[in-house]
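The values are calculated or read from the model by the stated rules, or taken from the named source; none is laboratory data. Not measured: the values here are computed from a predicted model. So basically every Cβ, Gly included, is an ideal-geometry build from the backbone, and we count neighbours across all protein chains shown. Calculation scope for accessible area: heavy atoms of the full protein, side chains included, ligands and nucleic acids excluded. Shrake-Rupley method; radii C 1.70, N 1.55, O 1.52, S 1.80 Å.
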Amino acid sequence: MSAPPQRLATPADGPRIAALMRASVLDLFPHFYDERQTVSASVHIAHLDMTLIEDGTYFVHEAGDEIVACGGWSRRYKLYTGSGPGADDDRLLDPATEPARVRAMFVRGGWTRRGLGRAILDSCERAADAEGFTMLALMATLPGEPLYQAFGFRATGRSLVAMPDGVSLELVAMERAIAS
C-alpha cells in the first residue's frame, strides 16, 4: 500500500488535525505513560499551535477525507506545545547559530510504521535546510523517540516536565545535524 499524499496544512485543517492529535495520544501513549499522564498529554501536548500552519511549516498526510499523520518544523523559539506560553516563543531563530525545531508529530494509531513520520521529517529537514539551518532539535515524547532515533536524532537529555495541570511526563531532548 502506498503512502497517502503529503501536503502543507491549511487553517481549514485545524479541527481534523486537533482530532488526530488527541486520538494519537489516547491510542499510543498508554504503552509508555500511565493513565493520568495520557489524559494530561491529550490536553496539553495534543494541542494544535496554529502558528505552525500560518508559517507554512506544517505537513499532513491525508487518506480520503481523513488526516492520518501530521507534523512540522519551526523557525521560531518555541520547542513544544506542552511547555505552555513563553515570552520568547515567537522569536525567530538564527539559522547560523540555533537549530530549527521539529514540532507536533502525530500519527493515527492504525497508520504507524508506514513511513509517514519519516516522510514528514524528510520534508522538515529539506525546508529547514533551504532556510539555512544546519541543525534540528526537538523534545520527544516516549512514543516518538524510536522514530527520531531511527532518523538519526541523538538524545541530549531526559527530563520530567510538568504539564500546566501539574502532571509530569518524561520527555527526551534530541538533536540532529541536517544532512545537506
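Okay, residues lined up against (1) among the hydroxyl-bearing types (Ser, Thr, Tyr); (2) over 28 Å from Ala63 (Cα atoms); (3) assigned to a strand (DSSP E or B):
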position	(1), (2), (3)
Arg118	no, no, no
Leu121	no, no, no
Ala128	no, no, no
Ala137	no, yes, yes
Ser159	yes, yes, yes
Arg176	no, yes, yes
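Let's see how each residue does on (1) on the phi > 0 side of the Ramachandran plot; (2) among the acidic types (Asp, Glu):
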site: Asp55; (1), (2): no, yes
site: Arg76; (1), (2): no, no
site: Ala96; (1), (2): no, no
site: Val107; (1), (2): no, no
site: Gly115; (1), (2): yes, no
site: Ile120; (1), (2): no, no
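Tallying residues that are of a type outside the set (Val, Ile, Thr), more than 24 Å from Asp165 (Cα to Cα) and touching a residue at least 24 places away in the same chain (Cβ under 8 Å) within the range 66-92 yields 9.
Across the range 128-144, the number of residues qualifying as buried (at least 18 other Cβ atoms within 10 Å of the Cβ) and in contact (Cβ under 8 Å) with a residue 60 or more places away in the chain comes to 4. Of all the numbered requirements in (1) at pLDDT 95 or above; (2) farther than 17 Å from Tyr33 by Cα; (3) within 17 Å of the chain's Cα centre (by Cα), Glu170 misses one, and that requirement is (2).
Residues are listed down the side, and each one gets a yes or a no for (1) free of Cβ contacts under 8 Å to residues at least 60 places away in the same chain; (2) assigned to a helix (DSSP H, G or I); (3) over 20 Å from Pro146 (Cα atoms); (4) out of contact with any Gly (no Cβ under 8 Å at 6 or more places or on another chain):
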site: Ala23; (1), (2), (3), (4): no, yes, no, no
site: Arg36; (1), (2), (3), (4): no, yes, yes, yes
site: Ser40; (1), (2), (3), (4): no, yes, yes, yes
site: Val43; (1), (2), (3), (4): no, yes, yes, yes
site: Thr51; (1), (2), (3), (4): yes, yes, yes, yes
site: Gly56; (1), (2), (3), (4): yes, no, yes, yes
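Annotation note: of Met139, Met135, the sole residue that is more than 13 Å from the chain's Cα centre (by Cα) and hydrophobic (A, V, I, L, M, F, W, C) is Met135. A Cβ distance below 7 Å, combined with a sequence gap of six or more or placement on separate chains, defines the contacts here; from the range 1-18, residues that are in contact (Cβ under 8 Å) with a residue 24 or more places away in the chain and closer than 15 Å to Thr112 by Cα reach residues that are open to solvent by less than 60 Å² (accessible area, probe 1.4 Å) and in a loop (DSSP other than H, G, I, E, B) in the pairs Ala3/Gly115. The residues in the range 28-66 that are within 14 Å of Pro143 (Cα to Cα) and more than 16 Å from the chain's Cα centre (by Cα) can be counted, and the count is 7.
Restricting to the range 72-121, name every residue that is farther than 30 Å from Ser2 by Cβ, surrounded by 17 or more Cβ atoms within 10 Å (Cβ to Cβ), at pLDDT 90 or above and hydrophobic (A, V, I, L, M, F, W, C). Leu93, the sole residue that qualifies.
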